[in-house]
Amino acid sequence: MPARDFIVAIELGSSKMTGIAGKKNLDGSIQVLAVVKEDSSSFIRKGVVYNIDKTAQSLTNIVKKLTSILKTEISHVYVGVGGQSIRSVKNEIIKDLPADTIVKQEMVNELMDTNRNMTYPDQEILDAATQEYKVDSQYQLEPVGIQCSRLTGNFLNILWRKLFYKNLNKCFDQAGIAIAEMYLAPLALADSVLTDAEKRSGCALVDLGADTTTVSVYYKNILRHLAVIPLGGSNITKDIASLQMEESEAEKMKLKYASAYTENNDIDNTMQLPIDAERSVESRKFIDIVEARLEEIIANVWYQVPNEYADKLLGGIILTGGGSNMKNIEKAFRNHTNIEKIRIAKFVLNSIHSNIPDINNHNGMMNTVLGLLAKGDMNCAGNPIDENGDLFQTKPAGTTTADIHTKPRTANEIKSGIVITEAEKLKAQAEAERKAQEDAERKAREEAERKALEEEERKKNASMKKTFSKFKNFVNKFLTEEE
């Protein structure tokens, strides 16, 4: 029987592209209906699209496979945005007000819009996380209703290279797949694996992926820093491969033997680790290579934690992603960060029901796509498929809009973590240009009306002056005749 109510999310990872469909139950739990994967290692590197055609084809395959399982067309999907070059930048917007002005929501919205409209060379603003507002000299999270003469908004802008942003949007356009919403994947992940207590008391979420490691720092329930490091599990694999073996063999050895930390007393200098039936490597050399690269990754992670929050991480460090499965990973992070509280998030906090092995493995590798699924709130189901028709009929590119938001949203209407699509951004620009044109035309009309009034007033004054002059001449003439 075709599924009639479900949500679809797609995560574009460096090693694989994952599509997931699930149904939200009345009790808040999620029933996962289908999971499909496509190898993306040849066209997505470090979380970034490098081959648009291959990515679009893979997206099409994902949707076709899900459609086949669900026996229902997919009208739109939720998408996660992440990968190399994502970084956060602090920004401050100041608005001077007349003395004793009471702050209204419109003033706050104006600050948010001004910040969203900031431009950075070659960078696109994906999201803007409000840090706090400064009302005169006092910091406030909710400034509306407070009296002041200066309002300052402090924001954390999440940036990504414009080329990466455009390529991602182009892939969905080319595949003819409508986007329900684009989410900043690290924020969706954080919402699905971090507890409220961890976000409030301060923590660092570290997502150890194949090609990248993402660091998100939270304090007082606010995202304070976000960065993507171009190092991941595949770097360890390549280092192992330097011991003269294929990367596929190195990956197997990593999964079987690698440990993030090994006590010196536990290392057997005579031990050999078999590569295959004929070859082997020294255990000591293998351990040194793995630990050296991992130490570099941890050092880069810790470098991304701002100094002002380094001693405020009472919630500790939370590890997730495929790399968090490495043996003794918590001990390695404790040794190199001096943070004692380390937790591995093997699974999301949401209640998930599924009989699919990839979901039930609880190895941290599905957390991001499950987080994206949890964010969805619009039914993605289209029409039931025609079982007599051709399910795999190619859909012409451009047959659907890349965005379902017909009316551009204000910064206040865009929830935290949402990345507006290029289609919506173009609509917003067109709307802004239309309003600017209307404002220009209105100002031109007002100026013309003002000049017309001035001309009328001038003529009126000239007429009165002429009448007064005639009257004055008449009086002077009369007085002269009387004399």
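The values are calculated or read from the model by the stated rules, or taken from the named source; none is laboratory data. Keep in mind it's a predicted model, so treat the numbers as computed, not measured. Cβ atoms come from the backbone with ideal geometry, glycine included; neighbour counts cover every protein chain shown. Surface areas here come from the heavy atoms of the whole protein model, side chains and all, with no ligands, DNA or RNA. Shrake-Rupley method; radii C 1.70, N 1.55, O 1.52, S 1.80 Å.
At a Cα cut-off below 27 Å, give the lysines reachable from residue 23, other chains included and same-chain residues fewer than 8 away excluded.
37, 64, 65, 71, 346, 375, 395, 415
If you count the DSSP beta bridges with both ends in the chain, what percent of them are antiparallel, to the nearest 5?
75
For the peptides 15-25, 103-113, what is the packing order when you average, over each peptide's residues, the other Cβ atoms within 10 Å and list the highest mean first?
15-25, 103-113
Excluding residues on the same chain fewer than 8 positions from residue 312, give the lysines whose Cα lies under 16 Å from its Cα.
Here the lysines satisfying the reach criterion relative to residue 312 are 199, 220, 341.
At what distance in angstrom do the alpha carbon centres of the range 65-141 and the range 429-483 lie from each other?
Their Cα centres are 49 Å away from one another.
Pulled fully out, how much extra length does the chain show between residue 257 and residue 296, if you take 0.36 nm times their separation in residues and subtract their Cα-Cα distance?
12.1 nm
So how do 318-328, 277-287 stack up, highest first, on mean other-Cβ count within 10 Å? Can you show the working numbers first?
Numbers: 318-328: 21.7, 277-287: 14.5.
Most protected by this proxy first, the peptides run 318-328, 277-287.
Relative contact order of the range 120-167: what whole-number percent is it, with Cα pairs under 8 angstrom and at least 6 residues apart?
Across the range 120-167, relative contact order equals 48 percent.
Considering Cα pairs under 8 angstrom that are at least six residues apart, work out the relative contact order of the chain and quote it in whole percent. Present the calculation step by step, with values, prior to reporting the outcome.
Details: 920 pairs, mean separation 95.7, N = 483.
Answer for the chain is 20 percent.
Which value, in Å², gives the accessible area per residue of the chain when a 1.4 Å probe is used on the protein heavy atoms?
52
Given labels modelled 7 Å from the Cα in the Cβ direction, how far is it in nm from residue 351 to residue 383?
In this crude spin-label approximation the distance works out to 3.7 nm.
Could you order peptides 450-463, 227-240 by the average number of other Cβ atoms within 10 Å of their residues, highest first?
Values: 450-463: 10.0, 227-240: 21.6.
In decreasing order of mean packing, 450-463, 227-240 become 227-240, 450-463.
Can you pull the percent of the chain's accessible area that's carbon plus sulfur, 1.4 Å probe, other chains left in place?
49
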